[in-house]
Structure formats: structure tokens, C-alpha cells
Amino acid sequence: MTQKESKVSLIPLGGLGEIGKNITVVRYGNSMLVIDCGMMFPEDDMLGIDTVIPDYSFLLEHKKKIKGIVLTHGHEDHIGALPYVLRDLNVPVYGTQLTIGLVKHKLKEARITGDLHEVKAGDVLNLNPFKVEFIRVNHSIADAVGLAITTPAGVILHTGDFKIDMTPVDGQVMDFARFSALGKKGVLLLMSDSTNAERPGYTKSERLVGNTFDEAFRNAKGRIVIATFATNVHRLQQAISTAAKYNRKVAIVGRSMVNVVNIATELGYLKIPRNTMVDIDSIGKLPPNKVTILATGSQGEPMSTLTRIANGEHKQIHIIDGDTIIVSAVPIPGNEVSVAKNVDALVKLGASVIYDNEADIHVSGHARQEELKLMLTMVKPKYFVPVHGEVRMLYKHAELARQIGIPAENVFVMENGQVLELTKSHASIKGHVNVGKIMIDGMGVEDVGNVVLKDRRLLAQDGIMVIIITVDRLGFTVAKPEMISRGFIYVKESEDLMDIVKEKISDHMMKYEGRRIRDYTTVKQEIKDCVGKILYENVKRKPIILPVIIELD
């Protein structure tokens, strides 16, 4: 294949048209490189589902071609699927120190090992035929990077999740010089974070949250509870530093928060003043104005620390007069109701609650429109694909790209599974690969599908009716059918309807008397159809009907 004919393909397996399960494949010839490997939280109608990960069957089909997985940062929507994928895929994984630290912990919990490699911003990996350069960016987690992937067809640049923060908490400003240098040299394709593409202006600096913390600590008379994302190490650092400034002790509550604090402290990303941290069990021995608690639950998660506090169900923490609760996060779309319920409950218990409509108690980790346009202007890509966002965000980002001069025919709003083929002079969508979602229920993989979810929705909406029929060896019924209802109707208050159902079942079973039936599958289906029709005609509901036929010896 000559340089002129060199062709590279971009294949997103997740992360487009959605927030979460980010994973993208870059393919050149018989070689593939995977960018990120994330999960997403279940939607409201995914009853009982714990986690959603991308369908990675495409990776398994081509596992011998995969050179490695490169990670942009350590958020769950970028690393959360690794414990599942690495069970089936033995490939090297590359990421910065904090990212790999978080991945190691996840793999340890899952009791699997991985071929993990630490890199630093500025490092270049040679994964023939790909060269991958890690470029420092600012985000709401430390050690975030963009990726410049050099292929024989040209440079593919992935921003990762980013914002432009000129005063980052750790002092590590985004590497503008490198992005600009790549732009001058020539970038074939840019993939850029679209999360805040609908929002005009610039995202505020993380340092502003520290100023808000300072004011809140100065005014608080009692305990302070701060709920935020566990992975926002810079936010945790500012909270701990402010607590130390006001001579407060800090207790950490919530498994994910404890894990991140331990990992970040061990790796040097968190600097904790001596004698600042205390165990949660000892806070009752301290004056309220000397206590700060860092907790999970900023998104209203049902089992999180803040939710249990709001419901009065936490063993160690109960709201008392003078408590100040700071919810230092904006609800992820879909979580607004649960977050609002927590705020209401905390206020009702007597706490003073500072939440997302308060000035500068939270700032986003994602770039807004002017920052996105600056990135596009620095990089000057030939082709552009907006990534990491719901459909409207991707289209808005595409519009921004056209505004700064990228030809409309060179901007591609893609869907998961589409294949974008690129050469130096041409780009087009060519084909589609199998994509989807795997819904994780408990510890299983692929153990919950649409049929199971449909049954769960029916159970939630219309309940279940169990019909027990007892027959002898010849098929004669030996007792009246027994009806058990849960979540449908109260049987004792619907005796007339139940009598009709029993009579219909008995009449139906008469035609099988004396026939010595060995397989009752057909009989059960007929009963389901018959009873379902009667129930719908009388109460206009469709419960799950479960016939059970017991044959006596």
C-alpha cells in the first residue's frame, strides 16, 4: 500500500449519541488501536441493571489485530468496562499514573489481572503501525490527556475530555504549544469532546470552587458535609485544604470516595496536611464546628452516603442543627429528580444545603463553545468528528466546526458502529459494524437482555398472576386451580373475577383428562392466552401469567 493509497478507519463502538460507554477503534490494515473502554449508568427503565457496557464482540472478533488500549483519563465512562473486557481480551493497556492506579484497583476488585503500563504526558508509544503521543489537558480529574495518533494516512487527534483552565489546582496547564504544533504540521482528523457544545462562553476555573468552599467554611457554625464526585481529586484537595485552614478534621465516607482518596494519596496527587484525617467513627467525639465529611451521593444514587443521610438511614451520620451540606456537582441528565429529593429531605431535617444553583459551588470539567472553537482553530484539522455527547451536542459541535471554516463535507456526525474511512484527500462513511449494549446485573455479563427487561417492566406495571393446577397421571384435575397474585389485584377482594378465571381453567383442562400428557408446554400457553384475555377484558391490565401444573404420582 503506497502512501497515496494509505487508508485509516475510525470505528466508534460507544459514546456517540449518549453520555458514557466511550470506546473507539482506529484501524489501519490488519492493526487496531482502542481508545478508552468505558461504561454508563443504567437508564430509568433498565430495572435492576447495575451497569451498562458497550457490546465488545467486534473486539473479540479481531482480538489478534489489537495493539493495545490507550486511555485518556480515569473516569468510569472511560475505564469502567475494562474489568469485563479484559476477561476476554489479553491486550496491553496504557494510561497515566492516576488512571492506571484506578484501573488496577478495579481489576483487583474483579479478581483479574491486566497488562497495564504507565505513561506520562509528553510520552510517545510506538505500537506499530501507530505512534501514540499523550498530551496534557485539564479536566475534572487529574492526569487527563489527549491523544495524537500518528498513522501512515496521517495524524488522528483525540482531545479526550477537556476544558481550558488557566489556573488549574495542580498548576499543570493544558499543553497548548503541542496542540498548536500539531495543527501547523497537519492533522488529518480531530475528535473532540462535545459535552458542553450547547453552552456559550467559557467554562470557569476549578479554583473558583475553592473560593466558594472558603466562604462556606467561614460562615458554617456546625459540621460540613461535602458531596462530590469521588474521582474529582482537585475538588477533594481543595475541600481538604480548606478544612485544614479552618482547623477542621476530615472524615471520608463512601467506598468509592475512600478508594480514590487512598489511591490519589499514595500516588502523590492528594496532599493531606498532618493530623487532618480522622475515622468516621470518631466524629461524634469532636465539636461540630471541627468536623468536615467528604461523602459520595452527589447524584442521588440510592445506596450512596448522602441519600442514606437524607433518608435517616446512615449508621454514623444523622443531621443535627447547624449542619451545612454542600452538593458540589450538577446532576447528570436523568438524576435531577433524585438529587432534588435528597435536597428536600436534608432541608426538612434542618440542614442548610448549598447545591447546584449556588454560584461557583461546581464547575464543569468540559469545554464550552469558545474553548471548543479555540481547539478547532489551534488544530486546524482536515476532517472533524464530534464525540462524547448526546445527538444534539454532536450536531451543535459540528455547527461550531463549520463556523470556524471547516467545510461542511469534511464534518461527520457519526453514530456508534459506523465506519469512517479516511485518506489524505478523501473521507466517507463506509459500512457498519455490530454495536450495542451489554447490561450487567450483579456479577454476570450478558445475563440480562431485552426480554428480561420487558418482563421486569411488566412486573412493575401490572404484576404477576401465578396459577397452580394439580392433576393426576391421567390428566384429571384433583383440586380447583389456586390463584396467587402479586402487584396485580388483591385476590380476596376480587373473588367474582377469580371464580370466572378458575371456571374457565377447569373447563379448559377437561379436554386433557385421560390423555396421559407428558409435556404440558402447550397446555400452559393455552391457559396463559385464555386467562390473559379474561383479565384484560375485565380490568384492562396485562400481568405476567405463570401457570404451574403439578402432576401427582
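The values are calculated or read from the model by the stated rules, or taken from the named source; none is laboratory data. Note that the structure is a prediction, hence the values are computed from the model and not measured. All Cβ positions, even for glycine, are placed from backbone atoms using ideal geometry, and neighbour counts span all protein chains on display. Only protein heavy atoms, including side chains, enter the accessible area calculation; ligands, DNA and RNA are left aside. Shrake-Rupley method; radii C 1.70, N 1.55, O 1.52, S 1.80 Å.
For this structure, a couple of remarks:
- Extended-chain gain in nm, criterion 0.36 nm per residue less alpha-carbon gap, ASP519 and ILE550: 10.0 nm
- Here r is the Cβ-Cβ distance between ARG274 and LYS315 and R0 is 30 Å; the resulting FRET efficiency, rounded to 0.05, is 0.60.
- Computed label-point distance, nm, for sites THR113 and LYS63 using a 7 Å Cα→Cβ extension: 1.7
- Counted over the chain, the DSSP beta bridges are approximately 50% antiparallel.
- Note: relative contact order over the chain, using C-alpha pairs below 8 Å and six or more positions apart, is 15 percent.
- Along segment 218-224 the Karplus relation, 6.51 cos²θ - 1.76 cosθ + 1.60 evaluated at θ = phi - 60°, assigns HN-Hα couplings of 5, 8, 6, 9, x, 5, 10 Hz to successive residues, with x for each Gly and Pro.
- Taking amide H positions as modeled 1.01 Å from N, with prolines and chain starts lacking one, the residues under 5 Å from TYR383 and 5 or more places away or on another chain are LEU189, LEU190.
- Distance (nanometres) between label positions extended 7 Å along Cα→Cβ at THR377 and LYS341: 4.6
- Look at where the Cα atoms of segment 304-343 and of segment 189-216 average out, and the two centres are 23 Å apart.
- Extension gain, ARG87 to MET166, is 24.4 nm, computed as 0.36 nm per intervening residue step minus the present C-alpha separation.
- Only lysines eight or more places from LYS502 in sequence, or on another chain, were considered; those with a Cα closer than 26 Å are LYS480, LYS492, LYS511, LYS524, LYS528, LYS533, LYS540, LYS542.
- Rounded accessible area per residue of the chain, 1.4 Å, Å²: 46
- Estimated FRET transfer efficiency (VAL466, SER180; beta-carbon r; R0 60 Å; 0.05): 0.30
- If you bin all the Cα-Cα distances of segment 221-287 at 10 Å, starting from zero, the percentages per bin are 19, 60, 21, 1.
- Database remark: amide H of ASN416 closer than 5 angstrom to the amide H of LEU16 (H placed geometrically; neighbours at sequence offset of 5 or more, or on other chains; Pro and chain starts carry no H).
- Angle between the chain longest axis and helix 336-348 axis [Cα atoms, degrees, rounded to 10]: 90
- Along principal axes, Cα extents of segment 1-143, largest first, whole Å: 52, 30, 29
- Karplus-derived HN-Hα couplings along segment 248-259 (A = 6.51, B = -1.76, C = 1.60, θ = phi - 60°), whole Hz, x at Gly and Pro: 9, 7, 10, 10, 9, 10, x, 4, 5, 5, 4, 4
- Taken along its principal axes, the alpha carbon cloud of segment 208-339 reaches lengths of 38, 34, 28 Å, longest axis first.
- Sequence ranges 77-87, 136-146, ranked by mean other-Cβ count within 10 angstrom, highest first: 136-146, 77-87
- Fraction of the pair-distance distribution of segment 134-181 above 16 Å, Cα-Cα pairs, percent: 37
- Dimensionless Rg ratio for segment 332-421, taking C-alpha atoms and the 2.2 N^0.38 Å reference: 1.56
- Rounded to the nearest 10 degrees, the inclination of helix 97-109 to the longest alpha-carbon principal axis of the chain is 20 degrees.
- Nitroxide proxy distance, nm - points 7 Å out along Cα→Cβ at LEU474 and SER506: 1.9
- Residues whose amide H lies under 5 Å from that of VAL548, counting only those 5 or more places away or on a different chain, are ILE467, ILE468, ILE469; hydrogens are built 1.01 Å from N in the peptide plane.
- The lysines whose alpha-carbon is closer than 21 Å to the alpha-carbon of LYS315, local same-chain residues fewer than 8 away aside, are LYS249, LYS285, LYS290, LYS341, LYS348.
- The phi-based Karplus calculation (6.51 cos²θ - 1.76 cosθ + 1.60; θ = phi - 60°) puts the 3J(HN,Hα) values of segment 150-161 at 8, 10, x, 8, x, 8, 9, 10, 10, 5, x, 6 Hz, whole numbers, x for Gly and Pro.
- Å³ per residue enclosed by the Cα convex hull of the chain: 201
- Nearest-20 debye value, the chain charge dipole, Cβ charges on Lys, Arg, Asp, Glu: 1400
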